[in-house]
Amino acid sequence: MFENDIFKFFTLLLLEIILGIDNVIFISLAVIKVPDSLRNKVRYIGLALALIMRLIALQTASILLSLNKPVIFLAQLHLSPNNLFMIFGGVFLIYHSICEILDDISKKAHDKNLHNLRSNPYLIILQIILIDLVFSIDSILTAIGITYNIFIIQLVFIISIILTILFSKHIIEAITKYSNIKTIAVMFVLILGIILVLDGIHIKISHNYLYFTFIFSILVEIINIIKKSSNSLIQ
């Protein structure tokens, strides 16, 4: 029994790390909007509150399982609360990404008010909590499908949040230093939002293609950065 629980624990942890990549990238993009002095505090508070929300949601697992029952019927399209969550989360990610792209393209004065609004630490914390909640619904349902041991699931969630805090710090530093990496990350979140909306209306697209494209793009950019560094040293 103990060996079986250990196996389930590491299986869940591996799944959380892989599925948490989306969350880490979104959090990194959101947090770079706040001043340097507040970034760590915003990350810690946002993720701590997100963890509390996850644990509360886990305790109401029976309610989450019922979220898969359709409540809206549109011709051949049957939407459950879970589908609506995914559509809402996807639309939010698309909106957020488009705003990021517009901010990068145009730095005009009339955009400053919008920029300042999104850089409000409290709004960033709220964004982190909401998006983590959207992503965590599938995580919780997957976890319950693997084990009914609530302690194991709670432990995995706590460890995954700690890893998110650690990884997001390094991603924030890379995004801040290299603008092209930020652009790749923004496009990743934009496409992820589209996939979530499609998933919400029962059009399934594998995330593997998105991960492969993202990793490939990052590797190309890293090679370019190394080449530029080498050329500057030679000169």
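The values are calculated or read from the model by the stated rules, or taken from the named source; none is laboratory data. Treat the numbers as computed from the prediction; the structure is a model and nothing was measured. Virtual Cβ from ideal backbone geometry, glycine too; neighbours counted across all protein chains shown.
Scanning the range 182-200 for residues that are under 15 Å from residue 98 (Cα atoms) and charged (D, E, K, R) yields a single hit, 182. Looking only at residues in the range 21-71 that are part of a helix (DSSP H, G or I) and polar (S, T, N, Q), the one that is nearest to the chain's Cα centre (by Cα) is 23. Whenever a residue of the range 124-152 is outside any helix (DSSP H, G or I), its partners that are of a type in the set (Asp, Glu), lying with C-beta atoms within less than 7 angstrom and at least six residues away or across chains, give the pairs 149/5. Looking across the range 120-155 at every residue that is buried (at least 17 other Cβ atoms within 10 Å of the Cβ) and among the hydroxyl-bearing types (Ser, Thr, Tyr), the one that is modelled with the highest pLDDT is identified as 147.
Given the criteria at pLDDT 85 or above, aliphatic (A, V, I, L, M), surrounded by 12 or more Cβ atoms within 10 Å (Cβ to Cβ) and within 22 Å of residue 202 (Cα to Cα), does residue 98 qualify? Considered against the rule, which asks whether it is at pLDDT 85 or above, aliphatic (A, V, I, L, M), surrounded by 12 or more Cβ atoms within 10 Å (Cβ to Cβ) and within 22 Å of residue 202 (Cα to Cα), residue 98 comes out as no.
Taking the options 218, 195, 225, name whichever one is under 26 Å from the mean Cα position of the chain (by Cα), touching a residue at least 12 places away in the same chain (Cβ under 8 Å) and within 30 Å of residue 81 (Cα to Cα). It would help to see each step written out before you state the result.
Details: 218 fails: within 30 Å of residue 81 (Cα to Cα); 225 fails: within 30 Å of residue 81 (Cα to Cα).
Step by step, each of 218, 195, 225 is checked, and only 195 is under 26 Å from the mean Cα position of the chain (by Cα), touching a residue at least 12 places away in the same chain (Cβ under 8 Å) and within 30 Å of residue 81 (Cα to Cα).
Against the condition assigned to a helix (DSSP H, G or I), at pLDDT below 80, more than 17 Å from the chain's Cα centre (by Cα) and closer than 23 Å to residue 170 by Cβ, how does residue 111 come out, does it pass? Can you show your working first?
Numbers: assigned to a helix (DSSP H, G or I): yes; at pLDDT below 80: yes; more than 17 Å from the chain's Cα centre (by Cα): yes; closer than 23 Å to residue 170 by Cβ: no.
When the stated conditions are applied, residue 111 does not pass them.
Of all residues in the range 183-209 being part of a helix (DSSP H, G or I) and at pLDDT below 80, which is nearest to residue 22 (Cα to Cα)? Once the filter is applied, the top-ranked residue is 207. For the range 1-28, filtered to residues that are among the hydrophobic types (A, V, I, L, M, F, W, C) and surrounded by fewer than 16 Cβ atoms within 10 Å (Cβ to Cβ), the residue that is farthest from residue 149 (Cα to Cα) is 18.
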